[in-house]
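Worksheet for the structure shown next.
The values are calculated or read from the model by the stated rules, or taken from the named source; none is laboratory data. In this text the structure is predicted, and so the values were computed from the model without any measurement. Neighbour counts are summed over all protein chains in view; Cβ atoms, including those assigned to glycine, are modelled from backbone coordinates with ideal geometry. Surface accessibility is based on the protein's heavy atoms, side chains included, excluding ligands, DNA and RNA. Shrake-Rupley method; radii C 1.70, N 1.55, O 1.52, S 1.80 Å.
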Amino acid sequence: MGQLLHGVDDTIFLPRLAASSDRAVIEALAAALGDHVLPSFVGAALAREKRSPTGLPFPDVAVAIPHAEPEHVARPAIVVASLASPVKFRQMGSPRATVDAALVVMPALSSKEQAGAALASLIQSLQDARIRAALAAAATADEMRAAVEGGGR
Amino acid sequence: MKKILVACGTAIATSTVVAKKLEDMLKARGLDVRIDQCKASEVPSKAAAYDLVVSTTEVDGTAGKPIVRTLSFLTGIGIDADVEKIVGLLS
């Protein structure tokens, strides 16, 4: 297990998810979290995205990180999805701008002490253009896991 | 010790990443700071007790305290320039 999983029970990889909107992406990823989250998680994540969007303008491969408050989380987990076609998310801090997200990371965090390190190391990995490209190109969950844990090499 | 308030939408995921990265980068420069996190909506009522606000999103006021609005601690793009700016604002 690599640094990605530090402090988090489960990391779920979803390759080439087909979704037509940011809403559909959030719903699919929340469903993939299964019983890691409470039924209220998806609604909270949609509301959060509307109030405070999470698109991050990484060059070449933009990433969105939709999530919800810890009270909607049962056990921490992170879903990492690549999209079959990029989906527009509004940009964090600049809600009038959009990014074409090709990767979406949905952290389900129950406490920042426990899970913050896992998300921080994942975001750090995503700052590497090679890892973003490898994740976006991966055809299977195993390839995605290898892309993150292998450091893009 | 200087105090920095880091704000994001939910005060859990994004601000945790920003706070950790900011703390690491300031420590590497020999700056010992205290960093707290809050929701963007809490900044107007909390900022007065801090020297600086760092936020990934819009806030409705900072009680006159300087603010650095940036995504660089998430994307890595422009992070060195932002750290310079923050060091300048704290000194």
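With respect to (1) among the β-branched types (Val, Ile, Thr); (2) assigned to a helix (DSSP H, G or I); (3) within 11 Å of chain A (Cβ to nearest Cβ), the lone exception for residue B:59 is condition (2). Only one of the listed residues (A:47, A:28, A:74, A:64) is more than 14 Å from the chain's Cα centre (by Cα), more than 10 Å from chain B (Cβ to nearest Cβ) and at pLDDT 95 or above. That residue is A:47.
Close contacts from the stretch B:34-51, counting a first residue that is at positive phi and a second that is open to solvent by 60 Å² or more (accessible area, probe 1.4 Å) and in a strand (DSSP E or B), with Cβ to Cβ under 6 Å and a gap of 6+ residues or different chains, come to none at all. Among residues of the stretch A:56-74 that are without any contact (Cβ under 8 Å) to a residue 40 or more places away in the chain, those with a beta-carbon under 8 Å from a residue that is among the aromatic types (Phe, Trp, Tyr) and surrounded by 22 or more Cβ atoms within 10 Å (Cβ to Cβ) at least six positions away or on a different chain give the pairs A:72/A:41; A:73/A:41.
Let's see how each residue does on (1) touching a helix residue (DSSP H, G or I) at 6+ places or on another chain (Cβ under 9 Å); (2) surrounded by 24 or more Cβ atoms within 10 Å (Cβ to Cβ); (3) not aliphatic (A, V, I, L, M):
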{"position": "A:61", "(1), (2), (3)": "yes, no, no"}
{"position": "A:75", "(1), (2), (3)": "yes, no, yes"}
{"position": "A:80", "(1), (2), (3)": "yes, yes, no"}
{"position": "A:85", "(1), (2), (3)": "no, no, yes"}
{"position": "A:97", "(1), (2), (3)": "no, no, no"}
{"position": "A:107", "(1), (2), (3)": "yes, yes, yes"}
{"position": "A:126", "(1), (2), (3)": "yes, no, no"}
{"position": "A:146", "(1), (2), (3)": "yes, no, no"}
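The single condition among (1) open to solvent by less than 20 Å² (accessible area, probe 1.4 Å); (2) away from chain A (no Cβ under 13 Å); (3) not in a helix (DSSP H, G or I) that residue B:7 does not satisfy is (2). Across the stretch B:11-53, what is the number of residues that are buried (at least 22 other Cβ atoms within 10 Å of the Cβ) and within 12 Å of chain A (Cβ to nearest Cβ)? So the answer is 10.
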